[in-house]
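Colleague: Please see the structure below; I have some questions.
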Amino acid sequence: MTVPVPSAPLSPASPTGPAVAIRNLSVTFGGRVRAVDGVDLVLERGQAVALIGESGSGKSVTLRAIMRLNPENKTKIEGTITVAGQDVMSMSKKELTRLRGRAVAMIFQEPLLALDPVYTVGRQITEAIRRHEGLGEGEARARALELFERVRIPSPQRRLDAYPHEMSGGMRQRAMIALALACRPKVLLADEPTTALDATVQIQILLLLRELQAELGLSTIFVTHDLGAAVEVADRIAVMYAGRIVEAGTARQVVLSPNHPYTIGLLSSRADGALVKGSRLETIPGSPPDLANRKPGCPFAPRCFLAVDKCHREVPPALEVAPGHAVACWRSDDAAAAFRERLAAPAAA
Amino acid sequence: MTTVADIRDRGGPAQPLLTVDGLIKHFPIKKGLGGKKAVVRAVDGVDFEILKGETLGIVGESGCGKSTTAKLIMGLIAHDSGNLLFDGETIGSRALPMRQFRAQTQMVFQDSYSSLNPRMTVEASIAFGPQVHGIPTRQAIERARSLLARVGLEPTRFAARYPHELSGGQRQRVNIARALALEPRLVVLDEAVSALDKSVEAQVLNLLLDLKQDFNLTYLFISHDLNVVRFICDRVAVMYLGQVVEIGPADTVLASPSHPYTAALLSSMPSLDPDNRTQVAPLAGDPPNPIDPPSGCRFHPRCTLAEPVCSAKVPPLDTVVDLHRVACLARQPGSGHSAANALVAA
């Protein structure tokens, strides 16, 4: 749908069309481990999409592929990725440098590892602004201060001169968000940004991200393993399993009327509300497949409560079950019916 | 292979299995360039009891002292003051030497990988404890294999494996098997399921429930996940900056919390309802530093109910109803807090 224009400048390109479009993305490590296996994902402008899945599902690898952050010599990436119409796959090193931080910015799970310990936080932000936009020290510092106020760091003037280790966990995460926003990116990629935080701090950061996304018109991809965090920030949710997106739709569609047995399993294995004391939790039996040894058929079939012969032979394509709601399952109707039944059963009330 | 628990039982079912009384642990640190002495008040006057056969949960955010409490109970670090009684006997006393206590109390840690010796097969790891405590090697290995089977790992497939050959969930099952190898009465689970993926976490929680029944165990379950605590715990203690601020039946505490901090923790949980997302964060800022905790009630700088009296007076842990106790001046008639006066009027 887009023509690659590798050498065109980044900012004015294609004012319409999706912010990020990923087509048939596969990522293979060391020639054996196929961590991502045919992912299609479209992020519309101003939208927040959550990629959820368990460890090894390929959600972070997908996110990193958008900025081509996976180690070049060990990774084989296939498929197409465009950011604002620009083909990321064909970019030179120089073009990638311009893309990273300026058009697309990323925040990570552990700010203490992502920030440089030997420079003050303010210095790291002004450096990014000066490098990308050629501003002078004073102007860059003024923008950094503005950013600190925006992410609501208390006494921002003083905090600009703090080193990462002098800040608390929540404040460091705010500083990293400020750093990510330093060059006014259009796309924000967040890799488990609240996982390492305490509960009372996590909700503050989730609300901050939601607010910034709306105010700045950011397009956001938010990787998380926590359905609750996804619901708090995302318009759409894509559920990943074994390197594939198995279900994608609006947050309402995925959480309230899931059509994939894996999504249903995730929802019903949560240890909340639903339980009678002393009852057992619903579990998904078994464990995720070995990605170096993929078997034919649906990767979830060995753990699925609905699997039939066909599931073990053929990979189900992603089909729309409702407008904007796609599911890759041969038995999605039966799965949806099973979920409605569980909801109706008194134990799951 | 159970259960000699009845023989080891001293005080009968009514006597708490573990009594923690006035437990204090301060870690000295050097502050600043001048090397001025300061202390981290990690655990600062904690009292609670664990009844026989129950699961007591401890919840709280990082730095609240929940893991330090666990380590103090296990004797992994020495406490500054306070008493620890196991089934009525002081731990480390002549009546209950440390070695005897350790055989009856085991711990499972959060990081399943770093808590196993990478150079020992899982079978050898599980059999190690019993061997140290004088069980012949062959018998210890036999026990290890039956425990592996009990935690859902086929011994013929898994006994000879090394930790790196297992998934996170499988490793945590090994750690649980190892904890059970000495037939303990109390198992301390310190964030034991926190690092696991949700679907695996559910499997391990079910396993813990089954084992508790089969082996007649008592659990101390430390976690930051209120959903998990609600599921597995009979009673729960909420800690804030080294102190217990609320303790009581899990159903009561987590359904109608009495302490404003417990309430804030509960409403900080992300909503699972897309039509009803959280609008305002219940608390601003991070938990304060345990080096220099606030005066009076330690929660008062972040509390919506705070009044001048809260920074002046330390709230005692007082009974609300029955076993439910809370340390909040707003809940204590006669404390001088205006909300408490209203309680008396009502």
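The values are calculated or read from the model by the stated rules, or taken from the named source; none is laboratory data. Keep in mind the model is a prediction, meaning the values are calculated, not measured. Neighbour counts run over all protein chains shown; Cβ positions are idealised from the backbone, glycine included.
Colleague: In the range A:229-281, which residues are at the interface with another protein chain (Cβ under 8 Å from one of its Cβ atoms) and modelled with pLDDT of 85 or more?
Modeller: Selection gives A:Ala229, A:Val231, A:Glu232, A:Thr250, A:Ala251, A:Arg252, A:Val255, A:Leu256, A:Gly265, A:Leu266.
Colleague: Pull up the range B:103-156, narrow it to residues that are part of a helix (DSSP H, G or I) and of a type in the set (Lys, Arg), then point me to the one that is nearest to the chain's Cα centre (by Cα).
Modeller: B:Arg150
Colleague: Identify, please: which residue in the range B:199-229 is more than 8 Å from every other protein chain (Cβ to nearest Cβ), of a type in the set (A, V, I, L, M, F, W, C) and under 19 Å from A:Gly286 (Cα atoms) and is, among those, surrounded by the most Cβ atoms within 10 Å (Cβ to Cβ)?
Modeller: By that ranking, first place goes to B:Val204.
Colleague: Just give me the residues in the range A:211-228 being within 8 Å of another protein chain (Cβ to nearest Cβ), in contact with a strand residue (DSSP E or B) (Cβ under 8 Å, 6 or more places away or on another chain) and part of a helix (DSSP H, G or I), in sequence order. Steps first, please.
Modeller: Kept after step one, since they are within 8 Å of another protein chain (Cβ to nearest Cβ), are these residues of the range A:211-228: A:225-228.
If we keep only those that are in contact with a strand residue (DSSP E or B) (Cβ under 8 Å, 6 or more places away or on another chain) as well, we get A:225-227.
The answer is A:Leu227, and nothing else.
Colleague: Continuing with this model, one more query. Could you look through the range B:176-198, keep only residues that are assigned to a helix (DSSP H, G or I) and more than 14 Å from every other protein chain (Cβ to nearest Cβ), and pick out the one that is surrounded by the most Cβ atoms within 10 Å (Cβ to Cβ)? Reasoning before the result, please.
Modeller: Filtering the range B:176-198 for residues assigned to a helix (DSSP H, G or I) gives B:176-180, B:198.
From what is left, the residues that are more than 14 Å from every other protein chain (Cβ to nearest Cβ) are B:176-180.
On the way: B:Ile176: 24, B:Ala177: 27, B:Arg178: 25, B:Ala179: 24, B:Leu180: 24.
Here the answer is B:Ala177.
Colleague: Right, something else. Among the numbered criteria (1) surrounded by 15 or more Cβ atoms within 10 Å (Cβ to Cβ); (2) among the aliphatic types (A, V, I, L, M); (3) modelled with pLDDT of 90 or more, which single criterion is violated by B:Val320?
Modeller: Unmet for B:Val320, out of (1) surrounded by 15 or more Cβ atoms within 10 Å (Cβ to Cβ); (2) among the aliphatic types (A, V, I, L, M); (3) modelled with pLDDT of 90 or more: (3).
Colleague: Let me ask you something else. Here are some conditions: (1) touching a residue at least 40 places away in the same chain (Cβ under 8 Å); (2) more than 9 Å from every other protein chain (Cβ to nearest Cβ); (3) part of a helix (DSSP H, G or I). A:Asp161 meets all but one. Which one does it not meet?
Modeller: (3)
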